[in-house]
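The values are calculated or read from the model by the stated rules, or taken from the named source; none is laboratory data. Small disclaimer: the values here were computed from a predicted structure and weren't measured. We place every Cβ from the backbone using ideal geometry, glycine too, and count neighbours over all the protein chains shown. Please note that ligands, DNA and RNA were not included when accessible areas were found on the heavy atoms of the full protein model with its side chains. Shrake-Rupley method; radii C 1.70, N 1.55, O 1.52, S 1.80 Å.
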Amino acid sequence: MTTNRALIVDDEPDIRELLEITLGRMNVETASAKDVRSALQLLDTQTFDLCLTDMNLPDGTGLEIVQHIAEKCPDLPVAVITAFGNMDTAITALKSGAFDFVQKPVDLEALRGLVDTALTRFMHERSRIV
């Protein structure tokens, strides 16, 4: 059985670690980036089954990552992590190609459901293509 891989993009080390631990317990291998530049580099050199990106990053926004994925990896599900109450940003992310969003503080149960949904959808889409 192949292991699912997720890219986690957040400039806050504590959030990255929380997401890494949570996904690790779901048997999802993770790679992390702290900014847009390093996230795009990872996306261009590695294969992922899911991307979780924060909206506000030191060198840009999560929307840049969402748009890059929509153009270069359209089958890769991406979800945006946004500060509580920032619904306009979440709606913009969805319109740009994100499939869902998570609000901070991160509800781990909701995150697990989102990850399960994304990976199930991704694997289903991939199996239809093959």
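Quick notes on this structure:
- Figure legend. Inter-residue proximity from segment 22-42: first residues touching a residue at least 40 places away in the same chain (Cβ under 8 Å), second residues open to solvent by less than 10 Å² (accessible area, probe 1.4 Å), beta-carbon distance below 7 Å, spacing 6+ or different chains. Indicated pairs: 22/111; 23/6; 23/115; 26/115; 28/6; 28/115.
- Only listed residue being of a type in the set (Val, Ile, Thr), within 19 Å of residue 102 (Cβ to Cβ) and in contact with a Cys (Cβ under 8 Å, 6 or more places away or on another chain), chosen from 78, 36, 28, 66: 78
- Residue list for segment 26-40, restricted to those being open to solvent by 10 Å² or more (accessible area, probe 1.4 Å), not polar (S, T, N, Q) and not in a strand (DSSP E or B): 26, 34, 35, 37, 40
- Flag if residue 98 is crowded, with 20+ Cβ neighbours inside 10 Å, under 18 Å from residue 115 (Cβ atoms) and at pLDDT below 95: yes
- Qualifying positions in segment 49-74 - under 15 Å from residue 115 (Cα atoms) and surrounded by fewer than 22 Cβ atoms within 10 Å (Cβ to Cβ): 49
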